1. Go through segment 143-196 and count every residue that is touching a Gly at 6+ places or on another chain (Cβ under 6 Å), of a type outside the set (Phe, Trp, Tyr) and surrounded by fewer than 18 Cβ atoms within 10 Å (Cβ to Cβ).
2. Please work out which residue is farthest from THR47 (Cα to Cα), limiting yourself to segment 94-115 and to residues that are small (Gly, Ala, Ser) and either modelled with pLDDT of 90 or more or part of a loop (DSSP other than H, G, I, E, B) (or both).
3. Mind checking which residues of segment 40-93 are of a type in the set (Lys, Arg), part of a helix (DSSP H, G or I) and under 16 Å from LEU11 (Cβ atoms)?
4. Mind counting the residues in segment 57-90 that are in contact with a strand residue (DSSP E or B) (Cβ under 6 Å, 6 or more places away or on another chain) and crowded, with 20+ Cβ neighbours inside 10 Å?
5. State yes or no: is LEU118 modelled with pLDDT of 95 or more, under 14 Å from ALA144 (Cα atoms), in a helix (DSSP H, G or I) and of a type outside the set (Ser, Thr, Tyr)?
6. Can you give me the number of residues within segment 194-211 that are under 17 Å from the mean Cα position of the chain (by Cα) and part of a loop (DSSP other than H, G, I, E, B)?
7. Does segment 164-193 hold any residues that are over 24 Å from LEU63 (Cα atoms) and either of a type in the set (D, E, K, R) or part of a strand (DSSP E or B) (or both), and which are they?
8. Which members of segment 138-150 meet the condition of being within 16 Å of the chain's Cα centre (by Cα), at pLDDT 95 or above and not in a helix (DSSP H, G or I)?
Amino acid sequence: MKFSLKRQIVLFFLPRLMWFFMWLIYWSCKKRFYISEELQHTNCIATFWHGEFLMLPFAYLKLRKKPKIFIIASKHFHGELISRICACFEFRAVRGSTNYNGVDRGGMRVLLDSFKNLKEGWDMGITPDGPRGPYHSIADGVVAMGQKTQIPLSFFRVHNHSFWELKTWDKFQIPKPFSRIDFFLSEPFLLDKTLSIDEAKREIYEKMQAL
């Protein structure tokens with residue numbers, strides 16, 4: 001997708017500034033990590049809420065010193081911005097939407113690419129409520145990934161003890177400097193193939209919210 005000159009300039013400078021800003025906040029804060037040791041022995045479908053993205057790269061780098069993850073990001077401007085920020089952390093991106101029902105946005109291709117990456121031992125990062133919500137909803141894509149590949153999900157959560165919350169659909173959180181951040185990377189969880197889509201969504205939601 002081609003962007004206007006103004007947006008191209010933003011895309012050149014902003015990801016680098018964001019990367020620097022993220023590191024500043026991270027280093028100023030007290031951190032606690034609760035990471036399942038079982039994740040050392042398997043790749044996973046890293047499942048996290050859209051509004052908790054900002055500090056999550058640091059949790060992943062705590063898990064894997066050498067990143068081996070693809071993040072699913074939309075083809076729109078916001079997705080391009082996210083993919084470039086991820087590139088600063090040496091994460092790769094699969095571009096598109098996992099919404100393969102309704103309007104075709106290349107969702108099936110994104111899922112097939114994700115299946116391939118998972119089978120090759122990569123982690124896949126997905127926001128089940130992204131890129132446009134509704135807030136804390138579960139889309140079909142994460143269910144398809146878990147059930148078709150039988151690669152375990154791991155639920156990544158960030159609990160910011162003091163933060164600014166943006167007035168966006170995802171209630172995006174920015175931790176305040178010198179506050180505390182708790183990171184949770186759950187035990188690998190295999191999604192039962194026999195569950196209906198609605199049952200699987202409910203189980204994913206409940207496990208994410210329990211952290």
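1. 1
2. It comes out as GLY102.
3. Result: ARG84, single match.
4. 11
5. Numbers: modelled with pLDDT of 95 or more: yes; under 14 Å from ALA144 (Cα atoms): yes; in a helix (DSSP H, G or I): yes; of a type outside the set (Ser, Thr, Tyr): yes.
Yes.
6. Selection size over segment 194-211: 1.
7. Start the filter on segment 164-193 by keeping residues that are over 24 Å from LEU63 (Cα atoms), which leaves 164-171, 192-193.
Selection gives TRP164, GLU165, LYS167, ASP170, LYS171, ASP192, LYS193.
8. ILE138
The values are calculated or read from the model by the stated rules, or taken from the named source; none is laboratory data. Computed from a predicted structure; not experimentally measured. Please note: Cβ atoms are built from the backbone with ideal geometry, for glycine as well, and neighbour counts cover all protein chains shown.
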